[in-house]
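Working notes for the structure below.
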Amino acid sequence: MFDTAEKFIYLHRNLIQTKMKRFFQMCIVALFTLCAASSYAQSAADRLLGVYEANEEGRISKVRFTRLSDGTYQGQIIWLNEPNHPDGTPKLDVKNPDESKRSVRCDQVVIVWGLKYDAKENRWAGGKVYRPTDGKTFNCRVEFEEDGKTLRVRGSLGPIGVSRYWKKLE
């Protein structure tokens, strides 16, 4: 009987160890799967990062999209084809409703902010787009066209909106 009890304990211990080993292996696999899925979602969201050429009625600018520490995306003008007035002084964001921003050079204005990536819709939404030519701000969402290089930037007030198409440069 003592022999049988020892055998039982030995088998029971082995069974528990095998089950625990399998459990930990499954946990490791699940962890790697979650990390890979998270990394894929982040890389899909980060496709927005880079520089785009925007052409608004002949006024050409370059806009750089970056990701902020809170996970939202913003676009800032980094280049204008005509950054200065004819007298050589820099153009400023004089029509900005926020008086503290009226001294910002037009080739440094943040024109898109607050965008969050929606993986289900494969687009960035929930942000704002600012039009420096008249100081107006609109709701904004952006998404890539099928070519993967053209960004559709949609500004809207309620159901009425306008789309612009920006070309990705880098």
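Rolling a 1.4 Å probe across all protein chains gives Ser156 an accessible area of roughly 30 Å². If a spin label sat at a point 7 angstrom from the Cα of Lys101 along the line to its beta carbon, the backbone N atoms of the stretch 133-170 nearer than 16 Å would be those of 133-141, 155-156. Of the accessible area of the stretch 72-170, computed with a 1.4 Å probe over protein heavy atoms only, carbon and sulfur atoms account for 49 percent.
The average projected area of the stretch 37-170, computed from the convex hull of its Cα atoms over all directions, is 9.1 nm².
For trypsin sites (Lys or Arg not before Pro), the sites in the stretch 41-140 that DSSP calls loop and that have at most 10 other Cβ atoms within 10 Å are Lys120.
The values are calculated or read from the model by the stated rules, or taken from the named source; none is laboratory data. The structure presented is a predicted model; accordingly, all values stated were derived computationally and were not measured. With ideal geometry, Cβ positions are generated from the backbone for all residues, glycine too; neighbour counts draw on all protein chains shown. To get the accessible areas, we keep the full protein, side chains included, count just its heavy atoms, and leave off ligands, DNA and RNA. Shrake-Rupley method; radii C 1.70, N 1.55, O 1.52, S 1.80 Å.
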